[in-house]
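The values are calculated or read from the model by the stated rules, or taken from the named source; none is laboratory data. Here the structure is a predicted model, which means the values were calculated and not measured. Reconstructed Cβ throughout: ideal geometry from the backbone, glycine too, with neighbour counts over all protein chains shown.
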Amino acid sequence: MRISYSFKQVIEGNDVKNVFQCPKGTKDVLPEEQVYWQHIEAVIRKVVRLYGYEKLDLPIFEETALFQRGVGEGTDIVEKEMYTFQDKGGTFLTLRPEFTASVVRAYIQQGMSSLPRPVKVWSIGPVFRYERPQAGRYRQFHQFNVEAFGEEDPALDFEIMQVAWHLYDMLGFRNLSFQLNSIGCPICKPAYLKRLVDYYRSRETGICDDCRKRLNKNPLRLLDCKTESCRPFIASAPPMYEHLCPECNGHFNTLRSYLDTLKKTYTLNHTLVRGLDYYTKTVFEVWAEGIGAQNAVCGGGRYDGLVEILGGASTPGVGFASGLERIVLALQQQKGSVPPPSPPLAYVSYHGPAAEKKAVELLAGLREKGIEAIMGFGARSLKAQLREADRRKAVFAVLLGDLEMARGETLVKKMDGGMQENVRWDDLASVLMKARIP
Ligand code: AMP
């Protein structure tokens, strides 16, 4: 086995050092970017509560066969993108490339089918795909995932779409585009696929090499080919939503009537087929403006056969996943507002070893009372410590100099000017608490 490292050479004086880099396609989320992540998670929690979804946490890896069977052998994810390894016991495991297969596995394994229907759950966490990294496309990324089981009613498809809508509304997104399609069911899909193949057979010489393979292997994917020369063929291909069986047609029309009644604008898109095998009937995506070619912030749909494929009783399901990195990107691009980080209330600064000891003691007392307080450590000058208090945006600096130590006091200074007063050690917590900005 060849082990390669992604080092970067850094020159320090006369030395050249090899510095480890995070693996290709992964990224560090630094403290300054956390405001976006925390805001998004807080809004997600509000939205799932509004719609009555309960949290489900799942393992990050599962047995490989679950994804082979659940996502589908012919898909890009299973064929090319999974992080699969054999553990020391010889079991083949895969870092989850998506949530739905795991959620369904848990639904069956944990007997969730005996719960009142629909069973509505949400999850959040990292997923892994060996993709070609670019802006907005990573190998480790994060998804917010929502699923509802046990109900065929198109009102539930609508609710699932509404959850996405509501989330992006609350995040203040502008210029979103909802793309909608229906890809039918095992009754109408085979006849449609035959029609699609017939359409393409007479145009076979004009299509790209990949599409020629798709024609035999996975004809539905012909419709989402990104090659320029294939576009005209896609544009005039027969749309699946015009060849649905009466049951799928009724389902699609009812869903569309909900969208129309509630004035949710969407685009019918017959090229939207999604990369996963398990979808039936409704499929949808949400595209955001200004985040580049990788503009899908959300994708989902109905998967009425999946629970059965994975060994459970026949149970309909519908859900979506939204990529958090793309939500962050869209928020940053659209200059969406996020609540500012909450700064510490107090920065305790000191002069000399005795004052440092007192600072450690005072800090312990403040934190016990729920006051966010920090100190600088080490033997830095008071001036340097105040600079640091400013950099950390502390509301108050609490000074312990020689004079304060002799008097059993601190000097409490509001960092943006204004209040400055001597406060006895015992009174420090209550004075800070009173002065706290609501
Ligand atoms: P999918 O499971 O492929 O339908 O993806 C659902 C959502 O996850 C997409 O709409 C994106 O927001 C996000 N996503 C998918 N693949 C990636 C990736 N490689 N990097 C970042 N986000 C992704």
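What the table shows:
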item	result
Output for the stretch 82-134, where each listed residue is without any contact (Cβ under 8 Å) to a residue 24 or more places away in the chain and within 16 Å of the ligand (Cβ to nearest atom)	ARG132
Identity of the residue in the stretch 318-342, among the polar types (S, T, N, Q) and more than 16 Å from the ligand (Cβ to nearest atom), that ends up nearest to ALA373 (Cα to Cα)	SER342
Candidates GLY184, GLY150, GLY172 - the one that is more than 16 Å from the ligand (Cβ to nearest atom), at positive phi, touching a residue at least 40 places away in the same chain (Cβ under 8 Å) and surrounded by fewer than 17 Cβ atoms within 10 Å (Cβ to Cβ)	GLY172
Test: residue in the stretch 360-380 that is within 16 Å of the ligand (Cβ to nearest atom) and surrounded by fewer than 20 Cβ atoms within 10 Å (Cβ to Cβ)	no
Residues that are loosely packed, with under 15 Cβ neighbours inside 10 Å and more than 36 Å from the chain's Cα centre (by Cα), drawn from the stretch 334-359	GLY352, PRO353, ALA354, LYS357
The stretch 281-317 - residue that is at pLDDT 95 or above and of a type in the set (S, T, N, Q) and, of those, nearest to the ligand (Cβ to nearest atom)	THR282
Cross-chain or 6+ apart pairs with Cβ under 6 Å, the stretch 419-438 first and within 16 Å of ARG367 (Cβ to Cβ), then modelled with pLDDT of 95 or more and in a helix (DSSP H, G or I)	ALA429/LEU366
Residues being assigned to a strand (DSSP E or B) and either within 16 Å of the ligand (Cβ to nearest atom) or surrounded by 10 or more Cβ atoms within 10 Å (Cβ to Cβ) (or both) - total across the stretch 20-50	0
Sole exception among (1) touching a Cys at 6+ places or on another chain (Cβ under 7 Å); (2) of a type in the set (A, V, I, L, M); (3) surrounded by fewer than 23 Cβ atoms within 10 Å (Cβ to Cβ) for VAL286, by number	(3)
For ARG302: the one exception among (1) crowded, with 17+ Cβ neighbours inside 10 Å; (2) out of contact with any Lys or Arg (no Cβ under 8 Å at 6 or more places or on another chain)	(2)
Test: residue in the stretch 263-270 that is more than 16 Å from the chain's Cα centre (by Cα), buried (at least 18 other Cβ atoms within 10 Å of the Cβ), of a type outside the set (Gly, Ala, Ser) and within 15 Å of the ligand (Cβ to nearest atom)	yes
In the stretch 68-101, the residues that are part of a strand (DSSP E or B) and of a type in the set (A, V, I, L, M)	LEU93, LEU95
Filter result for LEU115 (assigned by TED's automatic domain parsing to the domain that holds THR265, among the aliphatic types (A, V, I, L, M) and over 25 Å from the mean Cα position of the chain (by Cα))	yes
Some residue of the stretch 201-209 being under 25 Å from LYS281 (Cα atoms) and free of Cβ contacts under 8 Å to residues at least 60 places away in the same chain	no
Filter result for TYR53 (modelled with pLDDT of 95 or more, crowded, with 16+ Cβ neighbours inside 10 Å and within 19 Å of PHE141 (Cβ to Cβ))	no
Single residue of the stretch 124-137 satisfying the filter (more than 17 Å from THR94 (Cβ to Cβ) and not β-branched (Val, Ile, Thr)) that is surrounded by the fewest Cβ atoms within 10 Å (Cβ to Cβ)	ARG132
